[in-house]
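The values are calculated or read from the model by the stated rules, or taken from the named source; none is laboratory data. Everything numeric in this text was worked out from a predicted model, so none of it was measured. All Cβ positions, glycine included, derive from the backbone under ideal geometry; neighbour counts span all protein chains shown. Ligands, DNA and RNA are excluded from the accessible area calculation, which covers all protein heavy atoms including side chains. Shrake-Rupley method; radii C 1.70, N 1.55, O 1.52, S 1.80 Å.
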Amino acid sequence: MTRPRRRGQRRPLPLAGVACAAVIVLGAWLFGWWIVPVAALISSVLWWDRPDVARDVMWGAVAGWVVLLLIDSLHGRTWALARAAGGALFLPWGLLVPVTLLFAAGIAWSTATLAQAACARISARVSAPGD
């Protein structure tokens, strides 16, 4: 468990979240949304020993996806696409953006949680060779 911060103490930079967001923003052009679980896996394996890595990776995925949505909205067709896709998915078009952010968050969090558990299990087996 992490210790609570005192007033005036700065929160450490969530490196796993920053790395996950950067990989998502850079890799989405090549791989599409499939980069989200790959970025979450890479980030959570690198920082698996941090207790809050799944949360940081989840928020990093949301931040990366927000950046992608903002870049896409510069072309001016985002709301037309949201209305069309919302009609196809039987959702009000205004809910489509939050649903996509929840999708990225859920995929990243679940991937990071599984990767962290696997890394902890492997580390326990390596550190206890006599068992």
Query raised in the report: Say we look at the range 89-98 and pick out the residues that are assigned to a helix (DSSP H, G or I) and modelled with pLDDT under 85; which of these is least open to solvent (accessible area, probe 1.4 Å)?
Result: Leu96
Query raised in the report: Quick one: what pairs do we get from the range 117-129, first residue closer than 18 Å to Trp47 by Cβ and touching a residue at least 24 places away in the same chain (Cβ under 8 Å), second open to solvent by less than 50 Å² (accessible area, probe 1.4 Å) and assigned to a helix (DSSP H, G or I), C-beta under 9 Å, 6+ apart or different chains?
Result: Cys119/Ser44
**Report entry** Matching residues, the range 99-131, being of a type in the set (Gly, Ala, Ser) and not in a helix (DSSP H, G or I)
**Finding:** Ala128, Gly130
